[in-house]
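Single-structure report; data block below.
Every number here is computed from the coordinates shown, using simple stated rules; none is lab data. Note that the coordinates shown come from a computational prediction; the quantities given were computed from them, not determined experimentally. Note that each Cβ is placed from the backbone with ideal geometry, even for glycine, and that neighbours are counted across all protein chains shown.
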Amino acid sequence: MSIDKAKLYYAELKDITEELLKILTSSKRRLEALNEAKFF
């Protein structure tokens with residue numbers, strides 16, 4: 001049973017990680033598109 005649980009947790013973690021990476025990539029693109037003057 002514990003192997004089945006581990007596989008389920010792994011699948012959930014993989015999905016969450018992929019979603020987080022999409023969000024981070026999108027945020028990075030937005031930041032790179034901003035004018036540098038906004039940071040000074």
**OP:** Would you check the chain for Lys pairs whose C-alpha atoms are within less than 29 Å, ignoring same-chain pairs closer than 8 in sequence, and give me the count?
**Re:** 7
Original post:
So what's the chain giving for Rg/Rh, alpha carbon basis, Kirkwood Rh from the mean inverse pair distance?
Top reply: 1.39
Subject >> Spacing of the two label points (7 Å from each Cα toward its C-beta) at residue 20 and residue 3, in nm >> reply: 2.7 nm
**OP:** Calculate the dipole size of the chain relative to its Cα centre from +1 charges on Lys and Arg beta carbons and -1 charges on Asp and Glu beta carbons; express the result in debye to the nearest 20.
**Re:** 100 debye
**OP:** Please determine, in degrees from 0 to 90 and to the nearest 10, the orientation of helix 2-33 with respect to the longest principal axis defined by the Cα atoms of the chain, where the helix direction is its Cα long axis.
**Re:** 10 degrees
